[in-house]
Amino acid sequence: MPMTVLLDLTGKKGLIFGIANDQSIAYGCARIFRQAGAELAVTYLNKKTEQYVRPQAEKINAEIIISCDVEGEGQMETVFNAIAERWGTLDFVLHSIAYAPKADLQGRVTDCSKEGFLQAMDISCHSFIRMAKLAEPLMKNGGSLLTVSYMGSEQVVEHYGMMGPVKAALESATRYLAAELGEKSIRVNALSPGAILTRAASGILDFDEILQSNADKSPLHRKIDLNDIGNMAAFLVSDLSKNITGGVHLIDAGYQMMNG
């Protein structure tokens, strides 16, 4: 008789970076985490964004709602200290933040400014490495670190610009972190969703056309949604994926396979 295994995150504690509104990838993941039984902590950027993030955090009964600008000195440390004081342990972290100045993002990579490139790398890539370092001592019984990438990391995607090299660095960091933290049973993976309309994606030129083109070219001929991403994320932070680490996991209806 086949055995049915249900995904269960009951008792697991997770920290979410990157909720902007109810259409953000981070929220889609957090909602599934919570439905599976996880206890959550949620960060918001600043007072301006709190009015949008807090209602979403409250919908998923986040136990901790705290501000964090990853560029701000000591702010990330404050978040992890709050986790240590409240919970003492941490089971998973979702890093779903990325930023590049609009002029650099929408221009040629050839023309991007040093300042813009460094800022994009700091917020979109190095912040994940810092999170791993701060999470490590709290993941006493192992854990899972997740970040979010995109196929522009390995293929030239029109209008994706400077974020392509930045996401390539993020994926490389994912592999190195996975290798270094594996001995502590901390797994590190990247989600790579296909095109999906989010606040972050709205900064990319002609994004509506990209969405439709991806759906048309994919083997399944459909657009992905937040539930697809959230389900994969929940699997990767669950015990069902205990031997999966260092991967970049596509959620794109097969589009990248056809586009490569």
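The values are calculated or read from the model by the stated rules, or taken from the named source; none is laboratory data. It should be emphasised that the depicted structure is a prediction, and the values quoted were computed from it without experimental measurement. Reconstructed Cβ throughout: ideal geometry from the backbone, glycine too, with neighbour counts over all protein chains shown. Keep in mind that these areas ignore ligands, DNA and RNA; they rest on the heavy atoms of the full protein, side chains included. Shrake-Rupley method; radii C 1.70, N 1.55, O 1.52, S 1.80 Å.
Please count how many residues of the stretch 1-52 are aromatic (F, W, Y) and either in contact with a Cys (Cβ under 8 Å, 6 or more places away or on another chain) or at positive phi (or both). Total satisfying the criteria: 2.
For first residues located in the stretch 236-250 and touching a residue at least 24 places away in the same chain (Cβ under 8 Å), partners that are open to solvent by less than 40 Å² (accessible area, probe 1.4 Å) and assigned to a helix (DSSP H, G or I) and lie 6+ apart or on another chain with Cβ distances below 6 Å form the pairs T245/A178; G246/A178; V248/E171; L250/Q256. Taking each residue of the stretch 84-95 that is open to solvent by 20 Å² or more (accessible area, probe 1.4 Å) and looking for partners that are of a type outside the set (D, E, K, R) and part of a loop (DSSP other than H, G, I, E, B) with beta-carbon atoms closer than 9 Å, six or more apart or interchain, yields A84/L90; T89/M139; T89/N141; D91/L9; D91/G11; D91/A38; D91/M139; D91/N141. Just one of the numbered conditions (1) at pLDDT 95 or above; (2) in a loop (DSSP other than H, G, I, E, B); (3) within 17 Å of F92 (Cβ to Cβ) is not true of L7: (1). Here L211 passes the criteria (1) without any contact (Cβ under 8 Å) to a residue 24 or more places away in the chain; (2) open to solvent by 50 Å² or more (accessible area, probe 1.4 Å); (3) touching a Leu at 6+ places or on another chain (Cβ under 7 Å) except the one numbered (2). Just checking, does the stretch 15-26 include any residue being surrounded by fewer than 16 Cβ atoms within 10 Å (Cβ to Cβ) and among the hydroxyl-bearing types (S, T, Y)? The answer is no; no qualifying residue exists. Scanning the stretch 152-176 for residues that are open to solvent by less than 20 Å² (accessible area, probe 1.4 Å) and of a type in the set (A, V, I, L, M) yields M162, M163, V166, L170, A173.
Checking each residue in the stretch 222-256 for being in contact with a strand residue (DSSP E or B) (Cβ under 8 Å, 6 or more places away or on another chain) and open to solvent by 30 Å² or more (accessible area, probe 1.4 Å) picks out D228, M232, K242, I244, T245, V248, H249, L250. Hey, S144 hits all of (1) open to solvent by less than 70 Å² (accessible area, probe 1.4 Å); (2) over 14 Å from D91 (Cβ atoms) but one; which does it fall short on? Only one criterion is unmet by S144, namely (2). Set side by side, the residues A98, A84 differ, and just one is modelled with pLDDT of 95 or more and closer than 22 Å to M232 by Cβ, which is A98.
Out of the residues in the stretch 36-51 meeting the condition of being touching a residue at least 12 places away in the same chain (Cβ under 8 Å) and over 23 Å from M139 (Cβ atoms), tell me which one is surrounded by the fewest Cβ atoms within 10 Å (Cβ to Cβ).
Step one: list which residues in the stretch 36-51 are touching a residue at least 12 places away in the same chain (Cβ under 8 Å), which gives 36-47, 49-50.
This time we only want the ones that are over 23 Å from M139 (Cβ atoms), so: 44-47, 49-50.
Details: Y44: 23, L45: 22, N46: 12, K47: 8, T49: 16, E50: 14.
Filtering the stretch 36-51 for residues that are touching a residue at least 12 places away in the same chain (Cβ under 8 Å) and over 23 Å from M139 (Cβ atoms), the one surrounded by the fewest Cβ atoms within 10 Å (Cβ to Cβ) comes out as K47.
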